[in-house]
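**Q** I am attaching a structure below and will ask some questions about it afterwards.
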Amino acid sequence: MNKNYLKSLDRIANQLELSFDKQTAIIFGVFNGYMVCLIPFNETYTFTLKLSISRKNEMPDSELVKQVVSESKIIANCKVQGYQVTYTLKAGNMFGKKSGVKLQEGLEKITNFLKTEDFQNCCQDCGTEEALDIYNVSGIPLICCESCFKDHCDKLSASEYAQKQKQENLIGGLVGALLGSLIGVIAIVIFGQLGYVSAVSGIIMGVCSLKGYELLGGKLSNKGIIGSGIVMIIMVYFGTRLDWSISVANYFIDIDILTAFRVLPTLMTEGYIEARDYYVDLALVYLFTALGAIPTVISLLRNRKVKNASYKMSEAS
Ligand SMILES: [Zn+2]
């Protein structure tokens, strides 16, 4: 995530006298007596405000807690699910100027409203008002009691265990990467025949190869990333050469595509084809494939990291 963006979230958290969890980019803490989590939407200054509340041990009524939405321009939406209440807070422009002030206003409106309506903090799962804390489970913030947090962890470690038990099938994965890369080859040829090297075909190649591996290989390990990378390198070369061969076959009527594919290097050394153009073309497709593959790998690795994390948020920062 963008460093400046994280810094500005940290600043906003300070303004609100709340804490900031760098790993998940969530602002959290106790505001005006209520446990709150502010979850930013896609690196913008629109936030989901999450609360977990009850009144006389009853779940909140959605018609009632929605009333506060009309009281401020910043508060855009309200959803209720069990004890969980979420509001969408629109806190400003793309630079986050005055976002802190706007959030402060929105939070005050909401929490004051909840106070007059007599709502209490409670566990989002069992509704108890005892031993509450804000936890991060797999990147999702939970307002819950200690025993419900333990339940979440147990469930999570069971599914993690199942994931680990899932064997990676290298051959299946490579077949998947190969099938995925064929979609990339088709894209290279189609865009190539239309007359341009497209960033899109490179990105399709990168993404489809990795997803293909994951789909047929069960999971994408580091070994899988390397294997898919090799498949991509070969298939980009193949796709580009095929694209050029089709052009050659179209131009010289007495040569078919297969022959053109075979004699392409000779045509270059003999000057029928400008070798420089060919290699520039090839280099561009490699570049665009990397542009497609690298972000896919990064987001995959990041997910893997966040998935494993479960902790009490107040103790982490
Ligand atoms: Zn609980």
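The values are calculated or read from the model by the stated rules, or taken from the named source; none is laboratory data. For clarity, every value in this text was computed on a predicted model and none was experimentally measured. Cβ sites come from the backbone with ideal geometry, for glycine too, and all protein chains shown count toward neighbours. Areas reflect the complete protein model, heavy atoms only, side chains present, ligands, DNA and RNA absent. Shrake-Rupley method; radii C 1.70, N 1.55, O 1.52, S 1.80 Å.
**Q** Here's a check for you: in segment 104-128, which residue that is in a loop (DSSP other than H, G, I, E, B) and more than 10 Å from the ligand (Cβ to nearest atom) is least open to solvent (accessible area, probe 1.4 Å)?
**A** Pass one, segment 104-128, residues in a loop (DSSP other than H, G, I, E, B): 117-119, 122-128.
With more than 10 Å from the ligand (Cβ to nearest atom) added as a condition, the list becomes 117-119.
Values: Glu117: 49, Asp118: 88, Phe119: 11 Å².
This residue is Phe119.
**Q** Among residues belonging to segment 61-89 that are among the charged types (D, E, K, R) and under 19 Å from Val101 (Cβ atoms), point out the one that is surrounded by the most Cβ atoms within 10 Å (Cβ to Cβ).
**A** Here is the first cut: in segment 61-89, the ones among the charged types (D, E, K, R) are 61, 63, 66, 71, 73, 79.
Among the residues that remain, those that are also under 19 Å from Val101 (Cβ atoms) are: 71, 73.
Numbers: Glu71: 13, Lys73: 10.
Among residues in segment 61-89 that are among the charged types (D, E, K, R) and under 19 Å from Val101 (Cβ atoms), the one surrounded by the most Cβ atoms within 10 Å (Cβ to Cβ) is Glu71.
**Q** Residue check: is Ser201 surrounded by 18 or more Cβ atoms within 10 Å (Cβ to Cβ), hydroxyl-bearing (Ser, Thr, Tyr) and more than 19 Å from the chain's Cα centre (by Cα)?
**A** Details: surrounded by 18 or more Cβ atoms within 10 Å (Cβ to Cβ): yes; hydroxyl-bearing (Ser, Thr, Tyr): yes; more than 19 Å from the chain's Cα centre (by Cα): yes.
For Ser201, the condition - surrounded by 18 or more Cβ atoms within 10 Å (Cβ to Cβ), hydroxyl-bearing (Ser, Thr, Tyr) and more than 19 Å from the chain's Cα centre (by Cα) - is met.
**Q** Consider segment 147-168. How many of its residues are within 16 Å of the ligand (Cβ to nearest atom), of a type in the set (Asp, Glu) and open to solvent by less than 90 Å² (accessible area, probe 1.4 Å)?
**A** Of the residues in segment 147-168, 1 are within 16 Å of the ligand (Cβ to nearest atom), of a type in the set (Asp, Glu) and open to solvent by less than 90 Å² (accessible area, probe 1.4 Å).
**Q** Any residue that is of a type in the set (Ser, Thr, Tyr) and closer than 13 Å to Met235 by Cα - is there at least one of those in segment 201-209? Give the derivation first.
**A** Initial filter on segment 201-209 (of a type in the set (Ser, Thr, Tyr)): 201, 209.
Now restrict to residues that are closer than 13 Å to Met235 by Cα: 201, 209.
There is at least one residue in segment 201-209 that is of a type in the set (Ser, Thr, Tyr) and closer than 13 Å to Met235 by Cα.
**Q** Name, by its number, the condition in (1) more than 13 Å from the ligand (Cβ to nearest atom); (2) open to solvent by 20 Å² or more (accessible area, probe 1.4 Å); (3) of a type outside the set (A, V, I, L, M); (4) more than 14 Å from Arg55 (Cα to Cα) that does not hold for Pro141.
**A** (2)
**Q** Of all residues in segment 247-265 being in a loop (DSSP other than H, G, I, E, B) and surrounded by fewer than 12 Cβ atoms within 10 Å (Cβ to Cβ), which is farthest from the chain's Cα centre (by Cα)? Give the steps one after another, and end with the answer.
**A** Our first condition is that a residue be in a loop (DSSP other than H, G, I, E, B); within segment 247-265, this holds for 252-256.
Checking the rest, the ones that are also surrounded by fewer than 12 Cβ atoms within 10 Å (Cβ to Cβ) come to 253-254.
Details: Ile253: 49, Asp254: 50 Å.
Among residues in segment 247-265 that are in a loop (DSSP other than H, G, I, E, B) and surrounded by fewer than 12 Cβ atoms within 10 Å (Cβ to Cβ), the one farthest from the chain's Cα centre (by Cα) is Asp254.
**Q** Still on this model: Could you look through segment 25-60, keep only residues that are in contact with a helix residue (DSSP H, G or I) (Cβ under 7 Å, 6 or more places away or on another chain) and hydroxyl-bearing (Ser, Thr, Tyr), and pick out the one that is surrounded by the fewest Cβ atoms within 10 Å (Cβ to Cβ)?
**A** Tyr34
**Q** Let me ask you something else. Name the single residue, out of those in segment 169-198 being open to solvent by 70 Å² or more (accessible area, probe 1.4 Å) and not in a helix (DSSP H, G or I), that is nearest to Ile246 (Cα to Cα).
**A** Leu194
**Q** All but one of (1) farther than 30 Å from Phe31 by Cβ; (2) modelled with pLDDT of 95 or more hold for Gln165; state the number of the condition that does not hold.
**A** (2)
**Q** Please list, ordered by first then second residue, the pairs with beta carbon atoms under 9 Å, 6 or more apart or interchain, first in segment 266-281 and surrounded by 13 or more Cβ atoms within 10 Å (Cβ to Cβ), second basic (Lys, Arg).
**A** Listed pairs, sorted by first residue: Tyr278/Arg241.
**Q** Further question on the same structure: Which residue pairs have Cβ atoms closer than 9 Å, lie 6 or more positions apart in sequence or on different chains, and pair a first residue in segment 154-165 that is among the polar types (S, T, N, Q) with a second residue that is modelled with pLDDT of 80 or more?
**A** Ser157/Ser310; Gln163/Lys219
**Q** Looking for whichever is out of contact with any helix residue (DSSP H, G or I) (no Cβ under 7 Å at 6 or more places or on another chain) and of a type outside the set (S, T, N, Q) here; the options are Glu117, Glu108. Which one fits? Working first, answer last.
**A** Values: Glu117 fails: out of contact with any helix residue (DSSP H, G or I) (no Cβ under 7 Å at 6 or more places or on another chain).
Exactly one of Glu117, Glu108 is out of contact with any helix residue (DSSP H, G or I) (no Cβ under 7 Å at 6 or more places or on another chain) and of a type outside the set (S, T, N, Q), namely Glu108.
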